[in-house]
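Asks: I have a structure I would like to understand better, so I am pasting it below and will then ask my questions one at a time.
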Amino acid sequence: MEEVENSLGKLRQCFRSGRTRSVAWRKNQIRAVLKLIHDKEDAIFEALQQDLGKHPVETFRDEIGVVKKSANYALSNVKKWMAPKKQPVPLLFFPSKGEVLPEPYGVVLIFGSWNFPISVALDPLIGAISAGNAVVIKPSEQAPACASFLANILPLYLDDSAIKVILGGANESEQLLQHKWDKIFFTGSPRVASQVMTAAAKHLTPVTLELGGKCPAILDSLSSPSDMKVAVKRIVGGKWGACNGQACIGIDYVLVEDKFKSTLIEILQKYIKRFYGENPRKSGSISRIINKNHFERLQNLLKDPFVADSIVHGGSLDEEALYIEPTILLNPPLNADIMNEEIFGPLLPIITVDNIRESVDFINSRPKPLAIYAFTKDETFKRQILAETSSGSVTFNDALVQFLCDTLPFGGVGQSGIGRYHGKYTFDTFSHEKTVMQRAFFPELEPRYPPWNDFKLKFIRLAYDFDYLGILLLMLNLKR
Amino acid sequence: MGSVEKQTEVFDSEAASSMVKELRDEFLSGKSRSYEWRVTQLKNILKMSEDREQDIVKALHSDLAKPELESSIYEISMLKNACTLAIKKLKHWMKPEKVKTSLISFPSSAEIVSEPLGVVLVISPWNYPFLLSLDPVVGAIAAGNAVVLKPSEIAPATSSLLAKLVGEYLDNSLIRVVEGAVAETSALLEQKWDKICYTGNSRVGRIVMAAAAKHLTPVLLELGGKCPAVVDSSINLKVAARRIVAGKWGCNNGQTCVAVDYILTTKDVALKLVDALKHELEGFYGKNQLESKDLSCIVNSNHFARLTKLLDEDKVSGKIVHGGERDKAKLKIAPTILLDVPQDSLIMNEEIFGPLLPIFTVEKVESSFDVINSGTKPLAAYLFTDNKKLKEQFVMAVSAGGLLINDTVIHLAVDALPFGGVQESGMGSYHGKFSFDAFSHKKGVLYRSFAGDAPVRYPPYTNGKLTFMKALMSGSILGVLCALIGLSKN
């Protein structure tokens with residue numbers, strides 16, 4: 001507790017000294033992040049392999065590449081982002097200047113997650129730095145190799161008077177949360193997010209909460225067989241391709257019309273085999289389950305006999321290797337846990353409906369997810385999904401790729417989160433937008449001041465309507 | 001009609017839950033999403049403000065003894081402006097915003113769609129009970145939400161009038177008013193809302209945020225703080241004084257979140273400033289300022305007691321250089337100026353929210369910034385100066401919701417400037433389009449085609465794919481070529 005107090009005190013001092021405010025400092029730190037991930041690429045591959053059995057291609061695509069892209073984007077834009085933005089001021093206040101000036105919050109806290117332990121820590125870090133803050137990162141202890149990596153390597157590259165990594169588990173997180181932060185950025189589960197926000201409320205600390213939810217994929221009928229193949233291939237990629245289902249925007253379940261279920265299952269199986277071979281465990285291309293807790297959690301989802309009965313592919317488990325085979329279920333009972341909790345694993349329920357339009361009600365009867373995926377060429381259906389469902393984001397005809405789109409805000413709504421980031425939104429999420437207005441001493445608007453009379457009342461009414469002609473007439477004594 | 005029954009019914013958690021469910025069902029029907037519904041409601045608020053202006057002025061006078069000009073102008077006109085702007089711009093605000101996409105997701109197109117959050121709660125304060133109730137409601141409606149308004153019980157006439165007017169002019173299937181005090185507010189706060197907007201003090205702000213945290217409800221908190229006005233030397237002191245008076249006693253007699261709370265200046269300017277302030281106060285409110293009809297009363301005896309306690313503290317009671325008179329029965333305190341108050345006095349550590357203006361002197365004007373930064377971040381900070389360098393220092397060094405140089409308070413009237421606090425003074429902002437945004441979810445939408453799939457995306461992963469992946473993600477020409485090869489393979 002004292003140590004945190006100490007560290008926090010030093011960070012506050014550093015921030016107050018103004019050290020983190022200059023463009024030069026911010027750019028240098030971002031360049032240092034770039035250098036770090038370049039120099040230590042192999043170490044990062046190794047850490048992800050250790051924590052999650054992630055293949056280097058996945059690690060590059062989802063962790064290193066993401067950080068590199070964010071860092072380059074921030075480097076090119078930080079100066080522009082920092083600049084005050086001019087805003088129009090009504091003529092009534094002439095001469096006046098109005099602008100919005102972004103300023104850093106101060107000392108911010110970033111909670112990393114275990115599924116993308118490098119990018120979910122460093123991507124927000126880049127934003128916090130571009131915005132000029134001092135930062136504490138608390139990596140997830142459930143990915144220990146990556147946590148150690150961050151704790152050991154970051155101080156070698158970054159300015160450790162302003163950027164610190166604090167390791168620990170639930171106890172340490174609780175301790176951190178008792179202190180006053182200027183902003184907290186959290187990625188994780190809704191249960192813990194609620195605790196984070198409750199702690200933040202004590203100090204009126206603003207929060208960004210990146211959560212998850214049951215992200216559905218709606219598969220409409222696609223007349224072209226090659227489109228169908230691409231769609232299902234992307235569904236396979238969107239389920240098992242990113243950390244083996246352990247991703248906030250991973251596809252949780254699929255909705256499809258009953259008549260297409262067999263085709264869907266067939267093509268799913270085909271692509272699972274193509275991607276992972278006969279024995280996915282040996283493919284090296286699929287991540288394993290993070291730890292025993294989550295393994296047991298997933299195992300329990302399959303224990304319900306009705307759920308077990310609905311398995312049409314896969315289902316094998318290896319506790320020692322923390323391996324669960326890519327598993328497809330057909331219409332498990334809707335009241336089972338697997339259809340009410342975020343799965344966060346390699347189990348894919350397929351829910352059939354009579355008419356694909358029923359998907360909308362199905363999704364709406366559940367908490368708002370972080371993403372909705374819809375594979376369809378029907379423009380009317382697309383519009384219906386957009387207008388009638390609510391989610392962090394919607395992607396048509398693909399999955400996961402919205403994550404790479406820097407111009408789209410990435411964040412949830414309702415149970416899937418508060419706030420957003422990526423691209424400039426990360427800079428914004430760590431900034432306070434300060435209004436700055438300047439006026440001159442002249443001219444003076446006499447009617448602003450008491451004692452009040454009818455003339456002043458008339459003037460002010462016209463002023464509020466910005467009725468300049470009326471004001472002129474009033475001044476010339478022509479308005480009644 | 002059952003309305004008498006309604007008044008005696010207790011509005012408890014069950015009633016709140018049932019009301020939220022009703023509103024949510026109605027919201028899910030899609031009714032509030034249509035442009036027509038939103039514009040109709042906004043036009044009705046406008047009509048209501050125009051038709052019933054006299055009733056509103058009367059209620060505000062009953063609650064706060066507000067001079068007619070302050071009610072008409074500050075409250076009603078500002079609200080009407082908010083409506084007019086929203087009506088004018090709504091179509092534009094509702095349009096999806098197209099955004100660029102990059103090579104990585106080629107071919108694709110993307111946009112950001114604004115959608116309503118759902119059922120929102122607006123809790124408003126007693127000091128501008130009409131404006132600060134309906135201004136956020138205007139934003140919530142413009143964004144397509146269902147709204148519950150809980151006006152402050154400390155301004156009972158306005159609260160009751162709002163309940164009546166909303167009942168008469170607006171669509172009650174989606175817009176409701178719940179009157180009451182702590183019990184009713186607590187019952188409301190137990191429910192799951194899609195957003196809560198609270199305007200008031202930071203103590204209750206914490207309670208609201210903690211309640212919201214249980215349901216992961218986002219919040220807009222408009223709080224307050226000690227808004228300082230720094231006064232430099234060699235300026236037009238007369239104009240500065242007028243603007244300070246207008247921004248202190250002219251704003252509900254100091255009971256305003258952005259009112260000038262205290263002054264920071266150097267010793268030599270302080271004395272001249274006191275004279276200038278006295279002169280302007282007399283010009284505005286006459287010699288007997290305690291009796292002036294152009295000054296609001298203190299809202300109730302609690303706040304009256306709170307303010308007199310600040311004045312009577314030993315450390316400061318000898319520092320009064322103007323005013324100090326009070327009338328407990330009429331809840332009036334005369335405009336009061338105090339000079340050279342000690343930094344550790346109560347009056348320099350609590351938000352005053354009343355007609356007391358302490359002047360705190362510093363050695364050099366730049367030291368003011370340290371004094372400001374030693375406290376919590378206020379909603380607004382003011383500086384009167386002609387010195388360009390001092391202005392720049394002020395803007396860089398002082399963190400507040402908003403800064404205004406050479407005037408007070410009026411930055412609120414500029415729609416294009418977001419109005420909100422930071423840290424202790426709040427989170428989030430509104431006014432103008434920011435109100436629409438505050439009550440919207442900005443949903444990212446990506447459209448992809450079935451063509452264009454780099455095989456490098458999919459397993460089995462090989463070292464070769466790693467090389468391609470790196471090139472593709474770096475956007476290099478080689479990577480582009482490879483991506484195109486990927487396209488043609490499909």
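Laboratory data are not the source of any read-out in this text; all were calculated from the coordinates shown. Predicted model only: the values in this text are computed from it and were never measured. Every residue, glycine as well, gets a Cβ built from its backbone with ideal geometry; the counts of neighbours run over all protein chains shown.
Asks: How much of the DSSP bridge set in chain A is antiparallel, in percent, rounded to the nearest 5? Can you show the working numbers first?
Replies: Values: 19 of 54 bridges.
Just about 35 percent of them are antiparallel.
Asks: Compute log10 of I(q)/I(0) for the stretch B:303-424 with the Debye formula, placing one identical point scatterer on every Cα and leaving out solvent, at q = 0.14, 0.20, 0.23 Å⁻¹, to two decimals.
Replies: -0.72, -1.22, -1.35
Asks: Moving on to the next point. How large is the convex hull of the C-alpha atoms of the stretch A:391-453 per residue, in Å³? Before the final figure, lay out each step's value.
Replies: Values: hull volume 13.4 nm³, N = 63.
Hull volume over Cα atoms, normalised by residue count, gives 212 Å³.
Asks: Of B:Lys31/B:Lys89; A:Lys35/A:Lys214; B:Lys95/B:Lys226; A:Lys382/A:Lys424; B:Lys150/B:Lys214; B:Lys192/B:Lys377, which ones are farther than 32 Å apart at the Cα?
Replies: On the way: B:Lys31/B:Lys89 20 Å; A:Lys35/A:Lys214 37 Å; B:Lys95/B:Lys226 39 Å; A:Lys382/A:Lys424 28 Å; B:Lys150/B:Lys214 20 Å; B:Lys192/B:Lys377 30 Å.
Over 32 Å apart, Cα to Cα: A:Lys35/A:Lys214; B:Lys95/B:Lys226.
Asks: What ranking of A:Lys434, B:Lys389 emerges when the number of other C-beta atoms within 10 Å of each C-beta is taken as an exposure proxy, fewest first?
Replies: Details: A:Lys434 24, B:Lys389 9.
By the 10 Å Cβ count, ascending: B:Lys389, A:Lys434.
Asks: Which angle from 0 to 90°, rounded to the nearest 10, does the C-alpha axis of helix A:65-82 make with the longest principal axis of chain A?
Replies: 0
Asks: Using only Cα atoms, what Kirkwood radius does the stretch A:216-408 have, in angstroms? All intermediate terms of the calculation are to be shown ahead of the outcome.
Replies: Numbers: mean 1/r = 0.0595 Å⁻¹.
Here the Kirkwood hydrodynamic radius works out to 16.8 Å.
Asks: Using each residue's phi in the stretch A:161-167, evaluate 6.51 cos²θ - 1.76 cosθ + 1.60 at θ = phi - 60° and report the 3J(HN,Hα) Karplus result to the nearest Hz, with x for Gly and Pro.
Replies: 7, 10, 10, 10, 10, 10, 8
Asks: Right, next: What is the distance in Å between the Cα centres of the stretch A:63-135 and the stretch A:371-393?
Replies: Between the Cα centres of the stretch A:63-135 and the stretch A:371-393 lies a distance of 30 Å.
Asks: While we're on this one: So how far, in whole Å, is the C-alpha centre of the stretch B:314-377 from the one of the stretch B:167-239?
Replies: 26
Asks: Oh, and also: Using alpha carbons only, how many degrees (0 to 90, rounded to 10) separate the axis of helix A:2-16 from the longest principal axis of chain A?
Replies: 50
Asks: Something else: At 222 nm, what helix-only mean residue ellipticity would chain A give, in deg cm²/dmol to the nearest 500, using -39500 (n - 2.57) for each DSSP H run of four or more?
Replies: Numbers: 18 runs with 202 residues, N = 480.
That comes out to -13000 deg cm²/dmol.
Asks: Tabulate in residue order the Karplus-calculated ³J(HN,Hα) for the stretch B:458-465, using 6.51 cos²θ - 1.76 cosθ + 1.60 with θ = phi - 60°, rounded to whole Hz; enter x for Gly and Pro.
Replies: 10, x, x, 7, 10, 5, x, 5
Asks: Compute the Cα gyration tensor for the stretch B:1-82, then decide on rounded, prolate or oblate, letting a ≥ b ≥ c be the square roots of its eigenvalues: rounded whenever a/c is under 1.5, prolate when a/b is larger than b/c in the other cases, and oblate in all that remain.
Replies: Details: a/c = 2.75, a/b = 1.35, b/c = 2.04.
Oblate shape, in that a/c is at least 1.5 and b/c is the bigger or equal ratio.
Asks: What fraction of the DSSP beta bridges in the stretch A:216-408 is antiparallel, stated in percent and rounded to the nearest 5? List each step's numbers first, then the result.
Replies: Working: 4 of 23 bridges.
Counting only bridges with both partners in the stretch A:216-408, antiparallel ones make up about 15 percent.
Asks: Using Cβ counts within 10 Å as a stand-in for footprinting exposure, how do B:Phe11, A:Phe442, B:Phe27, B:Phe130 rank, fewest first?
Replies: Numbers: B:Phe11 18, A:Phe442 8, B:Phe27 23, B:Phe130 27.
Final ranking by Cβ density, sparse to dense: A:Phe442, B:Phe11, B:Phe27, B:Phe130.
Asks: Quick check: convex hull over the Cα atoms of chain A, volume per residue in Å³, rounded to an integer? Walk me through the numbers on the way to the answer.
Replies: Numbers: hull volume 94.1 nm³, N = 480.
Convex hull volume per residue, Cα atoms: 196 Å³.
Asks: Averaged across B:236-242, how many Cβ atoms of other chains sit within 10 Å of each residue's Cβ atom? Mind dumping the intermediate values first?
Replies: Values: counts 4, 0, 2, 5, 1, 0, 4.
Mean shielding by partner chains, rounded to a whole number: 2.
Asks: If you build the Cα gyration tensor of the stretch B:383-476 and take the root of 5 times each eigenvalue, what three semi-axes come out, in whole angstrom, biggest first?
Replies: 49, 21, 12
Asks: Any chance you could check the Cα centroid distance between the stretch B:455-475 and the stretch B:64-139 for me, in angstrom?
Replies: One Cα centre to the other: 46 Å.
Asks: Determine the calculated [θ] at 222 nm for chain B from helices alone, applying -39500 (n - 2.57) to every DSSP H run no shorter than 4 residues and normalising by the residue count; nearest 500 deg cm²/dmol. Please list the in-between numbers first.
Replies: Numbers: 18 runs with 209 residues, N = 490.
Mean residue ellipticity, 222 nm, calculated: -13000 deg cm²/dmol.
Asks: Right, something else. What three numbers, in Å, describe the spread of the alpha carbons of chain B along their principal axes, ordered from the longest?
Replies: 88, 66, 37
Asks: Then there's this: Note down the Stokes-Einstein diffusion coefficient of the protein assembly as shown in µm²/s, whole number, using a Kirkwood radius over alpha carbon pairs, 20 °C, and 1.002 mPa s.
Replies: Values: Rh = 29.9 Å.
Result for D is 72 µm²/s.
Asks: By counting other Cβ atoms within 10 Å of each Cβ, how are B:Arg326, A:Arg26, A:Arg439 ranked from fewest to most?
Replies: Details: B:Arg326 18, A:Arg26 25, A:Arg439 21.
Fewest-to-most ranking of B:Arg326, A:Arg26, A:Arg439: B:Arg326, A:Arg439, A:Arg26.
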